[in-house]
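The values are calculated or read from the model by the stated rules, or taken from the named source; none is laboratory data. Since the model is a prediction, treat every value here as computed from it, not as a measurement. FYI the Cβ positions are ideal-geometry reconstructions off the backbone, even for glycines, and counts take in every protein chain you see. Ligands, DNA and RNA are stripped out before the accessible areas are found, and what is left, the full protein with its side chains, is counted by its heavy atoms. Shrake-Rupley method; radii C 1.70, N 1.55, O 1.52, S 1.80 Å.
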Amino acid sequence: MNNIPFFNYQYFYQQYSSQLNKIFNDVLSRGAFILQRDLEEFEDKVCEYLNVKHAIGVANCTDGLQLAVLAAGIGPGDEVIFPSHTFVATAASIHYSGATPVPVDCGEDHTINIESIKQAISSRTKAIMPVQLNGRTAKMDSIMEISKQNNLIVIEDSAQALGSKYKGQSAGTFGLAGAFSFYPAKVLPCFGDGGMVVTNDDVMAEKLYALHEHGRNKEGQMTGWGMNSRLDNLQAAFLNFFINLYDDQIVSKRRHIASIYQDRLQGNPHIHLPPAPNSNAEHFDVFQNYEVEFDFRDELQQYLTDNGIGSLRQWNGKAVHQWQELGMNASLPYTDKMTNRYLLLPMNISLCDDDVNIICDKINHFYEHIIGSSHACKEEVV
């Protein structure tokens, strides 16, 4: 029996325990817990990495998005367009600002559909919140053109996309602000919740800083109401270590794994793969997730489970508009179809090539021998 979990949460500590223990002891021995130099250094590294002017460490990405919405002056009476194929936190950041989240469809690459944005614009639309999903940046030139034509603000949910680029520009840096997550399963992980909000706008940066620090500016003067959403200095110290490994050891490994999946699974008529690494010069994907559309998805997932291979239906298998409890009514054809077929395969740097090949072997065996030949099954293909 195989034992390939969907995600190995112990891996990062096990792999780098000696370095991480030194960091832990250093931070604790200095009593450096809140708003200390480790956080400042990490914020500076993020600014340099993204080529952005301001980076503010926050408690989590959801807070970062909500702070950006509030700092942008979005509130009651406003509508914000977002793709329904996302974690509920995207919509929650809009809802808790007092604005109305408006869900729209996704495209074949599972990022926000451009035409769907255009159709959703109303007299109340104030902003667009694209989600740079699964480590892929949406077609931001088209989105920025729409925002310019309609005088709309753009705030990017880049929780899954640190280092992802579109036409050479980093996710999170196109609009007024962007937010990132450092949740343990993210591409750049910490050991708890953590996030970052970035901007190139000086006034926006001042508002964001005050909002995340009880309403106080960097001089400690009150500027208005705020909240407590600071990235812990200990987590920032760990992130300082991991960001030095980011491109060469983390992103490159994920792209390598994606290449194996692509080579082994392409051509199967029952499988719709995400775009391959280097398949389009406009996109540089970091593969936070490897999200695939499968015919006979439920049967395949059970087969993988039975063979000791973890997989995941992201966000419990539903898009945001499909949760009746949230009170959204929308007809989003591609999203509705896709959520019956999508599945995340293991995608993390704890995997070795043999693991990925075993996963591919089992998937190919499922379609060839459990389901049957593509000719025999062609009438059942969705």
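Okay, here's what the table says:
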| quantity | calculated |
| --- | --- |
| Placed amide H near ARG230: partners under 5 Å, 5+ positions off or other chain | ALA59 |
| Hz values of 3J(HN,Hα) by residue in region 229-243 - Karplus curve (6.51, -1.76, 1.60), Gly and Pro given as x | 9, 10, 6, 4, 4, 5, 5, 4, 5, 4, 5, 4, 6, 5, 5 |
| Nearest-ten-degree value, helix 252-265 long axis tilted from longest Cα axis of the chain | 20 degrees |
| Crossing angle, helix 297-306 versus the chain [Cα axis fit, 0-90 degrees, rounded to tens] | 90 degrees |
| Of LYS167/LYS318; LYS126/LYS148; LYS165/LYS186, those spanning more than 21 Å from alpha-carbon to alpha-carbon | LYS167/LYS318 |
| Per-residue SASA entry for ASP248, accessible area with 1.4 Å probe, Å² rounded to 10 | 130 Å² |
| Accessible surface, region 168-216, averaged per residue in Å² (probe 1.4 Å) | 31 Å² |
| Under-5 Å amide H pairs with GLU79, H placed in peptide plane, nonlocal only | THR100, THR125, LYS126, ALA127 |
| C-alpha long axis of helix 37-50 to longest principal axis of the chain, angle in ° | 60 degrees |
| Relative contact order [Cα under 8 Å, 6+ residues apart], the chain, whole percent | 20 percent |
| The chain, accessible surface, carbon-and-sulfur percent (1.4 angstrom probe) | 47 percent |
| Solvent exposure ordering (accessible area, 1.4 Å, most first) of SER84, SER29 | SER29, SER84 |
| Set of aspartates and glutamates with alpha-carbon distance to LYS45 below 15 Å, sequence-local pairs under 8 removed | ASP247 |
| Dipole magnitude of region 178-318, debye to nearest 20 (Cβ charges: Lys/Arg +1, Asp/Glu -1, about Cα centre) | 240 debye |
| Extended-chain gain in nm, criterion 0.36 nm per residue less alpha-carbon gap, ASN340 and TYR13 | 114.2 nm |
| Of all DSSP beta bridges in the chain, antiparallel share, percent nearest 5 | 60 percent |
